[in-house]
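A quick write-up on the structure given underneath.
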Amino acid sequence: MSHSELEVIEAGFNKLADYLVGCLHRDEHLNLSLNCERSQFARFNHAKVRQTGLVADGTASLNLICDRREANAAFPFTGDWTVDSTRALDNLDYLRQEVTQLPENPYIVLPENRGSSREIYTGDLLSAEQVVDAILQPAQGVDFIGFYAGGAIARANANSAGQKHWFATETFSIDYSMFTAVEIEGDRSADRAVKGGYAGRHWDQSAYTAQIEQSKQQLQALTLPAKSIQRGQYRTYFAPDASAELLGMLRGAGEASLQQGSSALLKLRNGEKQLSPQLHVKENFGGGTVPRFNELGEMSPEELSVIKAGELVNPLVSTRTAKEYGKTANGAGSGEYMRAPEVGVGDLPLAEILTRLGTGLYLSNLHYLNWSDRPGGR
C-alpha cells in the first residue's frame, strides 16, 4: 500500500466518521472502527510456488449506544464514498431498530474524547518481484512448505465525542515447515518435520538465510535414530517458537476472568503459585506492529509490566471491568488479553545454547497446547 493510498483511506474514514456523527439523533453515541489491509501472499509446496496473489480488504464496524443499550454491526469498507456512506447509513438505521430490543447494560462505556493520535510505521519489505527468489533460494534442496504474507495494515477509530485515532504499519511474516523421509523399519518410512517462522517490519535476507540453515541442520538431526525419553525431570531449552507458544498461554491475564475464578493465572494472583523469578512479561507497543488503542478508542500505556519476577503485578483491566469490580482501567480491550506481549531477555548467547544445555532436551516448537485445568493453571 503506497503512502498516497493510505492517505486516501484515512481521509475517507475521517469523512465517513464525521458524516455518521452528523446523522446521530439526540442521546445517541457512536464508535466507528476500521480494519484494513493491502498485502501480498504466497504459498509454497515442495520448494515451489503453489499460489500467489494480492489482498485488498477493509471492514468498518459500528457500535451504537442509546439509553444504556448498545448494538454492533459491520460492513465492507471500499474507499468509494458513495458506496461506503450508503452502507454506513443503512447499518446505522438497522442498529437504531436493533438497539431498542436489547436489555440495558449496567456497565455501559460511553465514548469520551481523551485526545486523538496518528501513528505510521514504515517498513522495509520485499517487493512483489523479490518474494519468490528471496524465500526459495536459501531453501533449495529440501522439501519446503510455507506461507508468506507482507504488506500494510491500517487500524482506525473515531467516536461521537470527537476523538480520532489512526494507525498504519508495514509488516511481513513467513511460516514454514521442512520435511524429510526417515526409514524406520525395513522398507517402511515416516515423514519428520521442522517448523519455523520469520517476521518483522524490516526484511533481513542474511537473518532469514541463517534461520533456514539452522532449520536444515535440525532437519538433518531428525534423520538420526529416535530415542525414547523416560518420564522424569530434564534440563530443557525452549527455542523462540516454543517459547512463543508458552507465552500464548499467558496472554489471557484479564481482571474479569480473575474475578470470576476462570483464569489460568488465578493461583498466581492469589500467591499460591509463583513462576520463575527470571520471568518478566510486559505489553510493549513500541514495536509498531499493533495500535495502542482498543476497539473503543481507549489508549494503553506504551509499556505495561504484567508479570514481574514471576509474579502477576498488573492484570489487564477494561473500562467495563473497572466499572463492574471497582478497579482502574489500563487500556485493555474487551477481551482483556495481551495484544503486544514481550518477554524480558535472558543471558544465554545463541552460540552457547547446546554447551549450556548439555544432555538436556532441545524443543524447537510446541505444536499444540491447551489447559487441562484452567483455574488450577495446568
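Where in segment 132-170 does the amide nitrogen come within less than 19 Å of the point 7 Å from the Cα of Q220, taken along Cα to Cβ?
137-144
Cut-off is 10 Å between beta-carbons; in what order do M338, M299 appear when sorted fewest neighbours first?
Ranked by crowding around the Cβ, least crowded first: M299, M338.
Do the sum for the chain: with -39,500 (n - 2.57) for every DSSP H run of n ≥ 4, divided by all residues, what is the mean residue ellipticity at 222 nm, to the nearest 500 deg cm²/dmol?
Numbers: 9 runs with 94 residues, N = 378.
Computed ellipticity for the chain at 222 nm equals -7500 deg cm²/dmol.
Using the basic label-point model (7 angstrom from Cα toward the beta carbon), what is the S334 to L246 distance in nanometres?
3.4
Give the Cα extents of segment 131-236 along the principal axes, in whole Å, largest first.
For segment 131-236, the Cα extents along the three principal axes come out at 72, 41, 24 Å.
As a footprinting exposure proxy, order H202, H165, H280 by other Cβ within 10 Å, with the fewest listed first.
H202, H280, H165
Given labels modelled 7 Å from the Cα in the Cβ direction, how far is it in nm from I229 to L348?
That separation, rounded to one decimal, is 1.3 nm.
What is the mean projected area of the alpha carbon convex hull for segment 236-363, to one decimal in square nanometres?
Computing the convex hull of the Cα atoms and averaging its projections yields 8.8 nm².
Using +1 at the C-beta of Lys and Arg and -1 at the C-beta of Asp and Glu, which of A181, A156, L20 has the Cα lying farthest in the positive direction of the dipole of the chain?
A181
Calculate the length of the line joining the C-alpha centroid of segment 308-374 to that of segment 87-113, in whole Å.
35
Taking the Cβ of W203 as the center, what net charge do the other residues with Cβ under 13 Å away carry, scoring Lys and Arg +1 and Asp and Glu -1?
So the surrounding residues net to -3.
Cα axis of helix 81-99 to longest principal axis of the chain: angle in degrees, 0 to 90, nearest 10?
That works out to roughly 80 degrees.
Under a point spin-label approximation (7 Å from Cα along Cα-to-Cβ), what is the V83-Q137 distance to one decimal in nm?
Once both label points are built, they end up 3.8 nm from each other.
Do the alpha carbons of any pairs in K195/K282; K164/K327; K195/K216; K267/K327 sit beyond 18 Å of each other, and which pairs?
Working: K195/K282 26 Å; K164/K327 26 Å; K195/K216 10 Å; K267/K327 20 Å.
The answer is K195/K282; K164/K327; K267/K327.
Averaged over every viewing direction, what's the projected area of the C-alpha convex hull for segment 263-325? Give it in nm², one decimal, please.
5.2
Once R0 is set to 30 Å, what does the formula 1/(1 + (r/R0)^6) return for the Cβ-Cβ distance between S305 and N35, expressed as a FRET efficiency to the nearest 0.05?
0.60
I'd like the FRET efficiency for R96 and D18, computed as 1/(1 + (r/R0)^6) with the beta carbon distance as r and R0 of 25 Å, rounded to 0.05. Kindly include the intermediate steps, with their values, before the conclusion.
Numbers: r = 19 Å, r/R0 = 0.76.
Efficiency for this residue pair is about 0.85.
Quick one: Debye curve from the alpha-carbon atoms of segment 1-155 only, equal weights, vacuum; give me log10 I(q)/I(0) at q = 0.11, 0.13, 0.14, 0.19 Å⁻¹ to two decimals.
-0.60, -0.74, -0.80, -1.13
Report the FRET efficiency, 1/(1 + (r/R0)^6), for D27 and R118, where r is their Cβ-Cβ distance and R0 is 25 Å, rounded to 0.05. If you can, show how the numbers build up before the last one.
Numbers: r = 30 Å, r/R0 = 1.21.
Efficiency for this residue pair is about 0.25.
Mind ordering 150-158, 306-314 by average Cβ neighbours within 10 Å, highest first?
The most tightly packed comes first, giving 150-158, 306-314.
Would you order V345, V49, V109 from fewest to most other beta-carbon atoms within 10 Å of each residue's own beta-carbon?
On the way: V345 7, V49 13, V109 20.
Exposure proxy ranking, most exposed first: V345, V49, V109.
Relative to the longest principal axis of the C-alpha atoms of the chain, give the angle of the C-alpha long axis of helix 3-23, reported between 0 and 90° and rounded to the nearest 10°.
Compared with the principal axis, the helix lies near 40 degrees.
No lab work stands behind these numbers, since they all come straight from the coordinates. Every value quoted in this text rests on a predicted model; they were computed, and no experiment measured them. Using ideal geometry, Cβ is built from the backbone for each residue, glycine included, and neighbour counts are taken over all protein chains shown.
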